[in-house]
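Asks: This is the structure, below, for whatever I ask next.
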Amino acid sequence: MSQLTINDKDQTDVQLMQTAEQIATKMAKETTLFPTPVPTLAALDAALTAFRNSATEAAYRDTRAIMIRKQKRQDLVYILKELGKYVDTIANNDDTIVLAAGFNLRKANSSYSGSVPKAQRPIAEPDQVGSGRINLKTEAWPGARMYQFQYRVKGSEAAWASQLSTKSTCILNGLETFKEYEFRVSYLGIDPAPNYSDTTSSFVL
(Lines give C-alpha, C1' and ligand atoms only; values in the text may rest on other atoms or scores of the structure.)
Protein backbone atom coordinates (compact mmCIF):
# COMPACT_ATOMS: atom_id res chain seq x y z
CA MET A 1 0.00 0.00 0.00
CA SER A 2 1.38 3.40 -0.92
CA GLN A 3 0.52 7.08 -0.85
CA LEU A 4 1.69 10.17 -2.63
CA THR A 5 4.45 12.53 -1.63
CA ILE A 6 5.76 15.90 -2.77
CA ASN A 7 9.30 15.82 -1.30
CA ASP A 8 9.22 19.62 -1.16
CA LYS A 9 12.15 19.86 1.27
CA ASP A 10 14.41 18.09 -1.21
CA GLN A 11 13.47 20.28 -4.16
CA THR A 12 15.03 23.52 -5.34
CA ASP A 13 12.73 26.40 -6.28
CA VAL A 14 12.94 25.45 -9.95
CA GLN A 15 12.23 21.79 -9.23
CA LEU A 16 9.22 22.70 -7.09
CA MET A 17 7.85 24.86 -9.92
CA GLN A 18 8.30 21.96 -12.32
CA THR A 19 6.48 19.64 -9.93
CA ALA A 20 3.57 22.07 -9.59
CA GLU A 21 3.40 22.55 -13.36
CA GLN A 22 3.37 18.79 -13.89
CA ILE A 23 0.54 18.28 -11.40
CA ALA A 24 -1.51 21.16 -12.82
CA THR A 25 -1.08 19.91 -16.40
CA LYS A 26 -1.84 16.26 -15.68
CA MET A 27 -4.85 16.93 -13.48
CA ALA A 28 -6.29 19.36 -16.03
CA LYS A 29 -6.16 16.55 -18.60
CA GLU A 30 -7.84 14.04 -16.27
CA THR A 31 -11.14 15.76 -15.56
CA THR A 32 -12.95 12.41 -15.42
CA LEU A 33 -10.67 11.18 -12.63
CA PHE A 34 -10.53 14.52 -10.83
CA PRO A 35 -13.80 16.39 -11.50
CA THR A 36 -13.74 18.76 -8.51
CA PRO A 37 -10.21 19.26 -7.15
CA VAL A 38 -9.89 20.66 -3.62
CA PRO A 39 -8.23 23.19 -3.70
CA THR A 40 -9.06 24.14 -7.28
CA LEU A 41 -6.52 24.03 -10.10
CA ALA A 42 -7.07 27.77 -10.46
CA ALA A 43 -5.80 28.19 -6.89
CA LEU A 44 -2.77 26.05 -7.75
CA ASP A 45 -2.05 28.12 -10.88
CA ALA A 46 -2.33 31.35 -8.87
CA ALA A 47 0.05 30.09 -6.17
CA LEU A 48 2.53 28.88 -8.80
CA THR A 49 2.47 32.20 -10.64
CA ALA A 50 2.95 34.15 -7.40
CA PHE A 51 5.91 31.95 -6.43
CA ARG A 52 7.50 32.21 -9.88
CA ASN A 53 7.22 36.00 -9.85
CA SER A 54 8.62 36.24 -6.32
CA ALA A 55 11.56 34.00 -7.24
CA THR A 56 12.38 36.32 -10.15
CA GLU A 57 12.33 39.36 -7.85
CA ALA A 58 14.48 37.57 -5.27
CA ALA A 59 17.18 36.94 -7.84
CA TYR A 60 18.44 40.46 -7.16
CA ARG A 61 19.15 39.44 -3.53
CA ASP A 62 16.88 42.08 -2.01
CA THR A 63 16.16 41.01 1.58
CA ARG A 64 12.47 41.80 1.45
CA ALA A 65 12.09 40.02 -1.90
CA ILE A 66 13.79 36.93 -0.50
CA MET A 67 11.38 36.87 2.45
CA ILE A 68 8.42 37.17 0.08
CA ARG A 69 9.79 34.32 -2.03
CA LYS A 70 10.00 32.07 1.03
CA GLN A 71 6.39 32.89 1.94
CA LYS A 72 5.15 32.27 -1.60
CA ARG A 73 6.99 28.94 -1.64
CA GLN A 74 5.25 27.95 1.60
CA ASP A 75 1.91 28.97 0.09
CA LEU A 76 2.54 26.78 -2.97
CA VAL A 77 3.63 23.80 -0.88
CA TYR A 78 0.46 24.14 1.23
CA ILE A 79 -1.74 24.09 -1.89
CA LEU A 80 0.11 21.03 -3.23
CA LYS A 81 -0.25 19.13 0.04
CA GLU A 82 -3.95 19.92 0.33
CA LEU A 83 -4.47 18.88 -3.30
CA GLY A 84 -2.52 15.71 -2.54
CA LYS A 85 -5.07 14.76 0.12
CA TYR A 86 -7.83 15.08 -2.45
CA VAL A 87 -5.96 12.94 -4.98
CA ASP A 88 -5.15 10.33 -2.32
CA THR A 89 -8.84 10.03 -1.48
CA ILE A 90 -9.89 9.72 -5.12
CA ALA A 91 -7.13 7.19 -5.81
CA ASN A 92 -8.43 4.74 -3.18
CA ASN A 93 -5.00 3.06 -2.98
CA ASP A 94 -4.64 2.89 -6.77
CA ASP A 95 -1.07 3.99 -7.48
CA THR A 96 -1.81 4.55 -11.17
CA ILE A 97 -4.33 7.28 -10.28
CA VAL A 98 -1.80 9.01 -8.02
CA LEU A 99 0.73 8.95 -10.85
CA ALA A 100 -1.92 10.19 -13.31
CA ALA A 101 -2.24 13.31 -11.15
CA GLY A 102 1.49 13.98 -11.41
CA PHE A 103 2.41 13.11 -7.82
CA ASN A 104 5.16 10.76 -6.70
CA LEU A 105 4.69 7.76 -4.42
CA ARG A 106 6.18 6.72 -1.12
CA LYS A 107 5.54 3.87 1.24
CA ALA A 108 2.38 4.35 3.29
CA ASN A 109 2.40 4.88 7.04
CA SER A 110 0.94 1.61 8.27
CA SER A 111 0.00 3.14 11.63
CA TYR A 112 -3.09 4.63 9.96
CA SER A 113 -3.99 1.61 7.84
CA GLY A 114 -7.23 -0.27 8.41
CA SER A 115 -10.65 1.17 9.11
CA VAL A 116 -10.90 4.80 10.14
CA PRO A 117 -12.17 5.54 13.66
CA LYS A 118 -15.62 6.98 14.16
CA ALA A 119 -15.53 10.75 13.82
CA GLN A 120 -16.06 12.48 17.14
CA ARG A 121 -17.92 15.56 18.40
CA PRO A 122 -19.52 16.98 15.26
CA ILE A 123 -20.68 20.55 15.91
CA ALA A 124 -22.99 22.62 13.72
CA GLU A 125 -23.25 26.37 14.28
CA PRO A 126 -25.54 28.67 12.27
CA ASP A 127 -24.15 31.86 10.79
CA GLN A 128 -25.87 35.25 10.88
CA VAL A 129 -29.59 35.58 10.16
CA GLY A 130 -30.40 35.35 6.46
CA SER A 131 -27.04 33.83 5.51
CA GLY A 132 -28.31 30.31 4.80
CA ARG A 133 -24.95 29.12 6.09
CA ILE A 134 -23.82 26.54 8.65
CA ASN A 135 -20.31 26.18 10.10
CA LEU A 136 -19.37 22.56 10.78
CA LYS A 137 -16.44 21.11 12.68
CA THR A 138 -15.29 17.87 14.21
CA GLU A 139 -12.29 16.61 16.14
CA ALA A 140 -9.26 16.33 13.86
CA TRP A 141 -7.65 12.92 13.30
CA PRO A 142 -3.97 12.76 12.16
CA GLY A 143 -4.66 9.88 9.77
CA ALA A 144 -7.39 11.74 7.88
CA ARG A 145 -6.62 12.63 4.29
CA MET A 146 -10.02 14.22 3.85
CA TYR A 147 -13.14 14.91 5.92
CA GLN A 148 -16.52 14.09 4.41
CA PHE A 149 -19.34 16.22 5.80
CA GLN A 150 -22.94 15.25 5.03
CA TYR A 151 -26.26 17.02 5.57
CA ARG A 152 -30.00 16.89 4.86
CA VAL A 153 -33.24 18.37 6.19
CA LYS A 154 -33.93 16.76 9.55
CA GLY A 155 -36.63 14.11 9.52
CA SER A 156 -36.57 13.69 5.75
CA GLU A 157 -35.76 10.49 3.88
CA ALA A 158 -33.70 12.37 1.31
CA ALA A 159 -30.25 11.10 0.39
CA TRP A 160 -27.41 12.72 2.29
CA ALA A 161 -25.64 15.53 0.42
CA SER A 162 -21.85 15.51 0.80
CA GLN A 163 -19.05 18.06 0.90
CA LEU A 164 -15.37 17.16 1.13
CA SER A 165 -12.88 19.22 3.08
CA THR A 166 -9.14 18.88 3.64
CA LYS A 167 -9.65 20.30 7.14
CA SER A 168 -11.76 19.30 10.15
CA THR A 169 -13.95 22.35 9.50
CA CYS A 170 -16.40 23.08 6.73
CA ILE A 171 -18.81 25.85 5.68
CA LEU A 172 -22.09 24.88 4.02
CA ASN A 173 -23.74 27.57 1.92
CA GLY A 174 -27.08 27.84 0.17
CA LEU A 175 -29.17 26.05 2.81
CA GLU A 176 -32.85 26.86 3.26
CA THR A 177 -33.30 29.40 6.04
CA PHE A 178 -35.38 28.65 9.14
CA LYS A 179 -35.27 24.91 8.50
CA GLU A 180 -33.62 22.36 10.75
CA TYR A 181 -30.91 20.24 9.18
CA GLU A 182 -29.02 17.23 10.48
CA PHE A 183 -25.32 16.69 9.92
CA ARG A 184 -22.69 13.97 10.21
CA VAL A 185 -19.03 13.61 9.29
CA SER A 186 -16.50 10.88 8.56
CA TYR A 187 -12.74 10.74 8.33
CA LEU A 188 -11.38 9.39 5.03
CA GLY A 189 -8.00 7.73 5.41
CA ILE A 190 -5.83 5.10 3.74
CA ASP A 191 -8.95 2.98 3.87
CA PRO A 192 -11.51 5.34 2.26
CA ALA A 193 -14.55 3.52 3.69
CA PRO A 194 -16.45 6.08 5.82
CA ASN A 195 -17.31 5.65 9.49
CA TYR A 196 -19.80 8.39 10.25
CA SER A 197 -20.18 10.25 13.50
CA ASP A 198 -23.41 10.47 15.41
CA THR A 199 -25.69 13.07 13.86
CA THR A 200 -26.07 16.59 15.17
CA SER A 201 -28.66 19.15 14.15
CA SER A 202 -29.17 22.88 13.89
CA PHE A 203 -31.61 25.39 12.45
CA VAL A 204 -30.34 27.45 9.55
CA LEU A 205 -30.83 31.18 10.04
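The values are calculated or read from the model by the stated rules, or taken from the named source; none is laboratory data. Not measured: the values here are computed from a predicted model. Reconstructed Cβ throughout: ideal geometry from the backbone, glycine too, with neighbour counts over all protein chains shown. For the accessible areas, the whole protein counts, side chains as well, though only heavy atoms, and no ligand, DNA or RNA atoms are used. Shrake-Rupley method; radii C 1.70, N 1.55, O 1.52, S 1.80 Å.
Asks: For the stretch 182-193, give me the residue count where each residue is over 16 Å from the mean Cα position of the chain (by Cα) and open to solvent by 20 Å² or more (accessible area, probe 1.4 Å).
Replies: 4
Asks: Assuming ALA42 fulfils every condition listed in (1) among the aliphatic types (A, V, I, L, M); (2) free of Cβ contacts under 8 Å to residues at least 12 places away in the same chain; (3) over 16 Å from ALA101 (Cα atoms) apart from one, which condition is it?
Replies: (3)
Asks: From the list VAL98, VAL87, VAL153, pick out the single residue that is more than 20 Å from the chain's Cα centre (by Cα) and on the phi < 0 side of the Ramachandran plot.
Replies: Among VAL98, VAL87, VAL153, only VAL153 is more than 20 Å from the chain's Cα centre (by Cα) and on the phi < 0 side of the Ramachandran plot.
Asks: Quick check on the stretch 13-23. Is at least one of its residues in contact with a Gly (Cβ under 7 Å, 6 or more places away or on another chain) and open to solvent by 70 Å² or more (accessible area, probe 1.4 Å)?
Replies: yes
Asks: Against the conditions (1) modelled with pLDDT of 85 or more; (2) within 30 Å of GLU182 (Cα to Cα), where does TYR112 fall short? Just the number, please.
Replies: That leaves (1) as the condition not met.
Asks: Separate question: Quick one: which helices (runs of 4 or more DSSP H) sit completely within the stretch 26-105 and have at least 1 residues that are touching a Phe, Trp or Tyr at 6+ places or on another chain (Cβ under 7 Å) and surrounded by 15 or more Cβ atoms within 10 Å (Cβ to Cβ)?
Replies: Correct list: 63-91.
Asks: Still on this structure, I have one more. Do the conditions hold for ILE171, that is, is it closer than 22 Å to LEU205 by Cα, open to solvent by 60 Å² or more (accessible area, probe 1.4 Å) and modelled with pLDDT of 95 or more? Walk me through it before giving the result.
Replies: Working: closer than 22 Å to LEU205 by Cα: yes; open to solvent by 60 Å² or more (accessible area, probe 1.4 Å): yes; modelled with pLDDT of 95 or more: yes.
The answer is yes for ILE171.
Asks: Another question about this same structure. Taking LEU83 as meeting all but one of (1) touching a residue at least 12 places away in the same chain (Cβ under 8 Å); (2) over 30 Å from GLN150 (Cβ atoms), write down the number of the exception.
Replies: For LEU83, the exception is condition (2).
Asks: Mind checking which pairs have a first residue in the stretch 119-146 that is over 19 Å from PRO39 (Cα atoms) and a second that is surrounded by fewer than 16 Cβ atoms within 10 Å (Cβ to Cβ) and of a type in the set (S, T, N, Q), Cβ under 6 Å, 6 or more apart or different chains?
Replies: What qualifies is GLU125/ASN135; GLY132/THR177; ARG133/ASN173; GLU139/GLN120.
Asks: In this structure, does VAL129 turn out to be modelled with pLDDT under 95, under 17 Å from LYS85 (Cβ atoms) and in contact with a Leu (Cβ under 8 Å, 6 or more places away or on another chain)?
Replies: Taking the combined requirement at face value, the residue does not satisfy it.
Asks: Can you pull out the residues in the stretch 1-12 that are modelled with pLDDT of 85 or more and open to solvent by 80 Å² or more (accessible area, probe 1.4 Å)?
Replies: none
Asks: Give me the strands (runs of 3 or more DSSP E) completely within the stretch 127-168, filtered to those with at least 1 residues that are open to solvent by 70 Å² or more (accessible area, probe 1.4 Å) and touching a Cys at 6+ places or on another chain (Cβ under 9 Å), ordered by residue number.
Replies: So the answer is 134-137.
Asks: Would you call LYS118 within 18 Å of the chain's Cα centre (by Cα) and either of a type outside the set (Val, Ile, Thr) or open to solvent by 80 Å² or more (accessible area, probe 1.4 Å) (or both)? Walk me through it before giving the result.
Replies: Working: within 18 Å of the chain's Cα centre (by Cα): no; either of a type outside the set (Val, Ile, Thr) or open to solvent by 80 Å² or more (accessible area, probe 1.4 Å) (or both): yes.
Considered against the rule, which asks whether it is within 18 Å of the chain's Cα centre (by Cα) and either of a type outside the set (Val, Ile, Thr) or open to solvent by 80 Å² or more (accessible area, probe 1.4 Å) (or both), LYS118 comes out as no.
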